[in-house]
1. Going from the alpha-carbon gyration tensor of the chain, what semi-axes, largest first and in whole Å, does one get by taking the root of 5 times each eigenvalue?
2. Taking amide H positions as placed in the peptide plane 1.01 Å from N, state which residues far from residue 82 in sequence (5 or more) or on other chains have amide H under 5 Å from it.
3. In whole percent, how big is the carbon plus sulfur part of the accessible area of the chain, probe 1.4 Å, protein atoms only?
4. Which one, 64, 89, 21, is farthest towards the positive end of the dipole of the chain when Lys and Arg carry +1 and Asp and Glu -1 on their Cβ?
5. Is there a quick way to get the dipole size of the chain? I mean about its Cα centre, with the Cβ of Lys and Arg at +1 and of Asp and Glu at -1; what is the value in debye to the nearest 20?
6. In terms of the Cα gyration tensor, with a ≥ b ≥ c the square roots of its eigenvalues, is the range 47-101 rounded because a/c is under 1.5, prolate because a/b exceeds b/c, or oblate?
Amino acid sequence: MDLTARLLRFAAARPHVLVVAAAGHTAERLAVEAELARRGWPAAMSPADTDVLVVAGIPGPELAPVIEALWQQVPAPRARADVPGTTVVGAVLDQAVALLAD
């Protein structure tokens, strides 16, 4: 196994997460924050510090371009997790961390 793969897996074990909540999707944001706390994943303070960008809820036409601009500022390796509902939070975060580790 090469060094890059090991470092990616190490970083993916505890990614820094930046959560963006769409208007009217407080339940999704709270579910994401609870799951992040349960996993012990720290919050990112800026796009430059972000490994996983989580979009809680479905953004409207005004927020979507802002999220896209934010996403462009997140350095690689990176993963984006869209959480459309509270029941998929764990699975979506698992997919994001798997993508980050790959």
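The values are calculated or read from the model by the stated rules, or taken from the named source; none is laboratory data. The structure presented is a predicted model; accordingly, all values stated were derived computationally and were not measured. Virtual Cβ from ideal backbone geometry, glycine too; neighbours counted across all protein chains shown. The accessibility values were calculated without ligands, DNA or RNA, using every heavy atom of the protein model including side chains. Shrake-Rupley method; radii C 1.70, N 1.55, O 1.52, S 1.80 Å.
1. 23, 16, 11
2. Distant-sequence amide H within range of residue 82: 55.
3. The computed percentage sits at 60.
4. Going by the Cα projections, it comes out as 89.
5. Roughly 280 debye for the chain.
6. Here the range 47-101 falls in the oblate category.
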